[in-house]
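Below is one structure, written out as structure tokens; the observations come after it.
Read-outs: derived from the displayed coordinates by stated rules, not from any lab. All values derive from a computational prediction rather than experimental measurement. Every residue, glycine among them, receives a Cβ derived from its backbone with ideal geometry; neighbour counts consider all protein chains shown.
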Amino acid sequence: MARDTGAKCKLCRREGDKLYLKGARCYSDKCSFERRPYAPGEHGQGRVNFTEYGLQMREKQKVRRIYGLQENKFARYFEDAEAMRGVTGNNFIQLLERRLDNVTYRLGFASSRNEARQFVLHGHIYVNGTRVDIPSCQVDVGDKISVKDSSRKKNRFKEIFEYNSEMAPPEWLTVDLEKAEGEVLDLPTVEDIDFPLEEHLIVEYYSR
């Protein structure tokens with residue numbers, strides 16, 4: 001599976017926004033974006049005036065990096081969203097949010113989407129009592145997501161559960177961190193996103 005192995009903090013600085021790619025570090029005073037909130041490189045502090053296309057590109061890149069997807073996979077999600085009934089932008093975000101790695105993160109079972117992806121790949125996450133090691137697996141209403149019994153006793157999971165103990169999941173999910181179990185109550189919408197989003201720019205980008 002292809003993945004971006006570059007410096008995560010540079011991605012936040014490039015997009016001009018915090019993408020929360022490194023979990024707890026993003027909330028600490030070690031956050032590179034807080035210390036240097038400008039693009040990396042020699043001309044990073046220069047003034048930039050984006051064209052309409054540039055704004056569309058930057059929004060697309062921001063969302064793609066938040067979910068940790070390669071361009072081809074990201075574009076395929078948009079194609080699938082276009083083929084679905086309803087509003088393309090909402091369909092698109094729904095497909096991204098329903099990925100198992102994202103749901104694992106949103107339930108508080110991981111400190112970042114990247115860590116959630118690793119947990120899924122390593123077999124720590126179960127869906128309806130069955131181990132699923134495919135991060136892109138789409139969850140559905142009524143699905144129950146849990147952490148493997150032996151895994152939840154590991155120190156890393158204990159640290160995550162303690163850190164997220166006060167966290168409230170989005171309204172379309174419910175979770176019990178003490179039992180390391182969660183359930184999908186409804187399908188997500190654009191309003192459930194946990195970061196600033198202008199999905200219409202992405203729709204415009206791919207509809208050129």
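Could you tell me which of the residues Glu159, Glu198, Glu183, Glu204 is of a type outside the set (Ser, Thr, Tyr) and within 16 Å of the chain's Cα centre (by Cα)? Reasoning before the result, please.
Details: Glu159 fails: within 16 Å of the chain's Cα centre (by Cα); Glu183 fails: within 16 Å of the chain's Cα centre (by Cα); Glu204 fails: within 16 Å of the chain's Cα centre (by Cα).
Residue meeting the stated conditions: Glu198.
Can you name every residue in the stretch 175-208 that is among the aliphatic types (A, V, I, L, M) and assigned to a strand (DSSP E or B)? Quick ask: steps written out before the conclusion?
First, pick out the residues of the stretch 175-208 that are among the aliphatic types (A, V, I, L, M): 175, 177, 180, 184-185, 187, 190, 193, 197, 201-203.
Passing the criteria: Val175, Val184.
Search the stretch 52-80 for residues that are at negative phi and pair each with any residue that is small (Gly, Ala, Ser) when their beta-carbon atoms are under 6 Å apart and the residues are at least 6 apart or on different chains.
Taking only residues 6 or more apart or on different chains, the pairs are Gln70/Ala2.
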